[in-house]
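The structure appears below as C-alpha cells.
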Ligand SMILES: [Zn+2]
C-alpha cells in the first residue's frame, strides 16, 4: 500500500534541477554590472546572453517580498542568462563611505 513515491521528496537534492550561479559567478556578475549595466557577460556563456529581468526593493527582499522598484538607492537587480538558464539576484545597495581607501 505504500508504492507511491513522495512527490515532495523529489524536490530535494535533485541533481537534475535548474542550474544556479555560485558565489564566484555572482561576484563576477556584480562587478560586470557595476562596470557596465548594459554589458554583463555570463561567467559560463560569455557576453550577450544576460538580461536584466527586474529591479527589486532590497529591504523588502529581506522580508521575503519581491517589490519592483527603480534602480536607485537600495535595490536588488535580477539577472537571467538566456543560454544556460541561470538566474542571479544581486544586492547592489549603495554603501557610500566604505571601500578600500588607502588612508596611508
Ligand atoms: Zn549562461
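The values are calculated or read from the model by the stated rules, or taken from the named source; none is laboratory data. What you see is a predicted model, and the numbers here were worked out from it, not measured in a lab. Ideal geometry is used to build each Cβ from the backbone, glycine not excepted, and the neighbour counts take in all protein chains shown.
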Output for Cβ contacts, cut-off 6 Å, separation at least six or different chains, first residue at negative phi in the range 39-57, second away from the ligand (no atom under 14 Å from the Cβ) and assigned to a loop (DSSP other than H, G, I, E, B), reads 55/69; 55/71; 56/66; 57/67; 57/69
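Regarding the range 53-60, can at least one residue be identified that is part of a loop (DSSP other than H, G, I, E, B) and modelled with pLDDT under 95?
Step one: of the range 53-60, the residues part of a loop (DSSP other than H, G, I, E, B) are none.
Within the range 53-60 (the criterion being part of a loop (DSSP other than H, G, I, E, B) and modelled with pLDDT under 95), the answer is no, since none of the residues qualifies.
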Which of the residues that make up the range 1-43 are exposed (fewer than 10 other Cβ atoms within 10 Å of the Cβ) and either under 16 Å from the mean Cα position of the chain (by Cα) or at pLDDT 75 or above (or both)?
18, 23, 24, 35, 36, 38
